Amino acid sequence: MKLKSIEEAIRVIEESAAAQSKATETGDYKLGNKYFDKEMKALTYLYQQGHLSDLKIFLNHEDVGVRSFAAYALLPIYEDLCKTVLLDISNKFSNIHGSDAMKILKEWDKGTLKYPYQEESNRKTSETEKTEKAVTKADNMELTAADDVTTLVQRITSIFAPTGDFDQFSEEYGFSGDYDTENKVIQFRINTFVNPYTQDVTSVYRKRLSRLDFLKNIATIEAYEPSRLGSMQIKVTIPVADVSDKQLKRLKDVIIQMHSEQVPNESLVWFKSEYNDDVCYFEGNMWWYPRRAVIMGENGYERFDFSDELKFDIGMWDIVTGDYDRLEYSVSFELISSAAFQNIWDKTEKEHESEPWE
């Protein structure tokens, strides 16, 4: 690509940065790299022509990819302004755009951020410092047998939670990550749910599992059949030496996408089952947050109302539910409507006497 004018170089940067952004979001990193090369060639041309500052108009661009690239390109000229733009991107975007913006800021502050036009005399660090940092970065990327748990944790944290705490981030998005330094593997346990009233549980899970196909040649992916109430855990075990940061960033985006699709599960569920010959009716936000229950046996019934948080007693709930697996996988298990549960509740309420825990 041979550029002939300032206007052409600016147009190439705008179009290529936007295209690279879309390619990265869809996981097509090979295509993204091609656009990145065009951006860097155009950036070098603008530098040589003394027109880097012409990119300032892109700091407010509607496309986050264009905005991010402009902020990167102009850091040597408008440091404070570009830092503000990159921080805003890192705070607003939890996907790869946010993590890349934070990475640019960290490398700038460390003096390791590089530009295609940068001459040796303009570099911020000495050759010795650069060599040490390059070795450290290579160690973080390759994670050879000499790497310890600190290096591994730093790598995962920098990808999944570059601006905060990994544990807090994983809790927010419903997964956990374990670092097995002895076997040099990373294990992710992803909790995923669908609403069994509005979606076909099995087909939704098959679709979600297919999003992990990009890891199938390097990772072990385990998933049990989804429960009748729509919950399933996916376990992904990845050899550290075989996975790239780009693949981990893509996994992060998949996890966030799965979590965003769980909104329907915040509604209540109702089901009927059998336990020790008792007929059980339950209402709750999935099984871990019960609201009401009616247990009907030969000698009458018992009612449990935990809808008021002050009445909620997890110990009592354990007694009510007993062996939860037996409840959910009972041959008599069935989803029921809210109206059906309410009819049972209203019917028993007429004769109900308050229990000690109420």
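List of remarks:
- Selection of strands (runs of 3 or more DSSP E) fully inside region 167-284 by the criterion of at least 2 residues being open to solvent by less than 40 Å² (accessible area, probe 1.4 Å) returns 175-180, 185-193, 231-239, 269-275, 278-284.
- For first residues located in region 245-259 and within 15 Å of Ser210 (Cα to Cα) and free of Cβ contacts under 8 Å to residues at least 60 places away in the same chain, partners that are in a helix (DSSP H, G or I) and among the charged types (D, E, K, R) and lie 6+ apart or on another chain with Cβ distances below 9 Å form the pairs Val254/Arg208; Gln257/Arg208.
- Tally of residues being at pLDDT 70 or above and open to solvent by 70 Å² or more (accessible area, probe 1.4 Å) across region 146-162: 1
- Selection from region 45-64 of residues that are surrounded by 14 or more Cβ atoms within 10 Å (Cβ to Cβ) and either in a helix (DSSP H, G or I) or of a type in the set (Gly, Ala, Ser) (or both): Tyr45, Leu46, Tyr47, Leu52, Asp54, Leu55, Lys56, Phe58, Leu59, Val64
- The condition (being within 29 Å of Leu248 (Cβ to Cβ) and either at pLDDT 80 or above or in a helix (DSSP H, G or I) (or both)) is satisfied by just one residue among Leu86, Leu81: Leu86.
- Qualifying residues in region 13-44 (those that are under 17 Å from Tyr115 (Cα atoms) and of a type in the set (Val, Ile, Thr)) - the one most open to solvent (accessible area, probe 1.4 Å): Thr44
- Taken together, Leu105, Leu86, Leu74 contain a single residue that is under 21 Å from Glu8 (Cβ atoms) and crowded, with 19+ Cβ neighbours inside 10 Å, which is Leu74.
The values are calculated or read from the model by the stated rules, or taken from the named source; none is laboratory data. Just so we're clear, the structure is a prediction, and the values are computed from it rather than from any experiment. Positions of Cβ are generated from backbone atoms using ideal geometry, with glycine treated the same way; all protein chains shown enter the neighbour counts. Heads up: the accessible areas ignore ligands, DNA and RNA and are worked out on the full protein's heavy atoms, side chains in. Shrake-Rupley method; radii C 1.70, N 1.55, O 1.52, S 1.80 Å.
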